[in-house]
Amino acid sequence: MGRTEDELLRDLGTEVMRLAARRTATYDGAVLDYSAFRILWRLVERGPLSLSVLADELQLERSTVSRQVSAAVDRGLVERGADADLRRHVRPTPAGLAAYRNDVAARARVWGAAVTEVGAERAAGLADELRRFNDALDRAHGD
């Protein structure tokens, strides 16, 4: 017997909330807090970014990102700079890159164990379905 639309929405919401709650999970051996990890994640994946672009990509207010970047600068994880056109941006420091790689490895141990439990094929299918669902949510939000 299929679920009603209300049941389906409730079940999806519950599972999304369970995933979201894990965003601040502690991983053995990790050294970064959640905000520093996310900032470094975008900078490592995309290269140096302006605060405005970083805020857009993290879906946070620019003032929040500015505060988080300042804290990361104070910890020696990122640095401010300018490109050839003198546009301001932030980029990871060597220490920030090392901390990020450390934390990626710590997270990979946990996530890898989960993938092993459910199977690589099912995990790959889930990733594909989550991408499609997120794309649909982006369209529904008008982004």
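Pairs needed: first member in the stretch 1-30, at pLDDT below 90; second member anywhere, surrounded by 10 or more Cβ atoms within 10 Å (Cβ to Cβ) and assigned to a loop (DSSP other than H, G, I, E, B); C-beta distance under 9 Å; at least 6 residues apart or different chains.
24/33
Show the residue pairs that are 6+ apart or on different chains and have beta-carbon atoms under 8 Å apart, the first residue being within the stretch 119-132 and aliphatic (A, V, I, L, M), the second being surrounded by 11 or more Cβ atoms within 10 Å (Cβ to Cβ) and assigned to a helix (DSSP H, G or I).
Matching pairs, first to second residue: 123/115; 126/118.
Among the residues of the stretch 59-69, is any within 25 Å of residue 105 (Cβ to Cβ), of a type in the set (D, E, K, R), surrounded by 13 or more Cβ atoms within 10 Å (Cβ to Cβ) and free of Cβ contacts under 8 Å to residues at least 60 places away in the same chain?
We begin by selecting, within the stretch 59-69, every residue within 25 Å of residue 105 (Cβ to Cβ); these are 68-69.
Now drop any that are not of a type in the set (D, E, K, R), which leaves none.
No, every residue in the stretch 59-69 fails to be within 25 Å of residue 105 (Cβ to Cβ), of a type in the set (D, E, K, R), surrounded by 13 or more Cβ atoms within 10 Å (Cβ to Cβ) and free of Cβ contacts under 8 Å to residues at least 60 places away in the same chain.
What's the total number of residues in the stretch 43-68 that are farther than 16 Å from residue 80 by Cα and hydrophobic (A, V, I, L, M, F, W, C)?
Matching residues across the stretch 43-68 total 2.
Under the condition of being open to solvent by 70 Å² or more (accessible area, probe 1.4 Å) and modelled with pLDDT of 95 or more, which residue from the stretch 31-41 is farthest from the chain's Cα centre (by Cα)? Steps first, please.
Residues of the stretch 31-41 that are open to solvent by 70 Å² or more (accessible area, probe 1.4 Å), as a first pass: 31, 33, 41.
Restricting the remaining residues to those that are modelled with pLDDT of 95 or more gives 31, 41.
Values: 31: 16, 41: 6 Å.
My answer is 31.
Filter the stretch 78-96 down to residues that are at pLDDT 95 or above, open to solvent by less than 100 Å² (accessible area, probe 1.4 Å) and more than 17 Å from residue 35 (Cα to Cα), then give me how many there are.
Residues that pass the stated criteria total 0.
Given the residues 99, 105, which is the only one that is closer than 29 Å to residue 126 by Cβ, crowded, with 16+ Cβ neighbours inside 10 Å and modelled with pLDDT of 95 or more? Full working, then the answer.
Details: 105 fails: crowded, with 16+ Cβ neighbours inside 10 Å.
Unique residue meeting the criteria: 99.
Any residue in the stretch 3-15 that is within 16 Å of the chain's Cα centre (by Cα) and assigned to a helix (DSSP H, G or I)?
Applying the first criterion (within 16 Å of the chain's Cα centre (by Cα)) to the stretch 3-15 yields none.
No - not one qualifying residue is present in the stretch 3-15.
Which one of these does residue 54 not meet: (1) closer than 28 Å to residue 134 by Cα; (2) over 17 Å from the mean Cα position of the chain (by Cα)?
The number of the failed condition is (2).
The values are calculated or read from the model by the stated rules, or taken from the named source; none is laboratory data. Just so it is clear, the structure is predicted and the values come from calculations on it, not from any experiment. We place every Cβ from the backbone using ideal geometry, glycine too, and count neighbours over all the protein chains shown. Protein only, heavy atoms only, side chains kept; ligands, DNA and RNA dropped before computing areas. Shrake-Rupley method; radii C 1.70, N 1.55, O 1.52, S 1.80 Å.
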